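The values are calculated or read from the model by the stated rules, or taken from the named source; none is laboratory data. As the structure is a prediction and not an experimental result, all values here were calculated from the model. Positions of Cβ are generated from backbone atoms using ideal geometry, with glycine treated the same way; all protein chains shown enter the neighbour counts.
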């Protein structure tokens, strides 16, 4: 059994089998939209800062852009076109 705080600051006791799905459900999914066709490493600064502040809750971030390429451009930051769903 694990004690997990909920959004109201109270605690819930959950079986260990629910721990991983709950952590995924409470995770943050950072997204930045950038009006460039060629995102650069400097464009990931806010995503990297967010991920460092919320290490335990942050999933890999997405940098949406106007180009056509999909690539990992920084640790934990995937650059994808705004129209592509991943």
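For first residues located in segment 62-85 and touching a residue at least 24 places away in the same chain (Cβ under 8 Å) and at negative phi, partners that are part of a loop (DSSP other than H, G, I, E, B) and surrounded by 17 or more Cβ atoms within 10 Å (Cβ to Cβ) and lie 6+ apart or on another chain with Cβ distances below 7 Å form the pairs 63/34; 63/39; 64/34; 65/34; 65/39; 73/39; 79/39. Looking only at residues of segment 57-80 that are in a loop (DSSP other than H, G, I, E, B) and within 13 Å of the chain's Cα centre (by Cα), we find that the one that is modelled with the lowest pLDDT is 57.
Residues checked against (1) more than 24 Å from residue 85 (Cα to Cα); (2) surrounded by 10 or more Cβ atoms within 10 Å (Cβ to Cβ); (3) touching a helix residue (DSSP H, G or I) at 6+ places or on another chain (Cβ under 8 Å); (4) modelled with pLDDT of 90 or more:
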position: 2; (1), (2), (3), (4): yes, yes, yes, no
position: 7; (1), (2), (3), (4): yes, no, no, no
position: 21; (1), (2), (3), (4): no, yes, no, no
position: 29; (1), (2), (3), (4): no, yes, no, no
position: 34; (1), (2), (3), (4): no, yes, yes, yes
position: 38; (1), (2), (3), (4): no, yes, no, yes
position: 45; (1), (2), (3), (4): no, yes, no, yes
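The set of residues in segment 51-75 that are surrounded by fewer than 16 Cβ atoms within 10 Å (Cβ to Cβ) and within 18 Å of residue 28 (Cα to Cα) comprises 52, 53, 54, 55, 56, 57, 59, 60, 75.
Scan segment 24-56 for residues that are assigned to a helix (DSSP H, G or I) and in contact with a strand residue (DSSP E or B) (Cβ under 8 Å, 6 or more places away or on another chain) and report the count.
Residues flagged as assigned to a helix (DSSP H, G or I) and in contact with a strand residue (DSSP E or B) (Cβ under 8 Å, 6 or more places away or on another chain) within segment 24-56 amount to 8.
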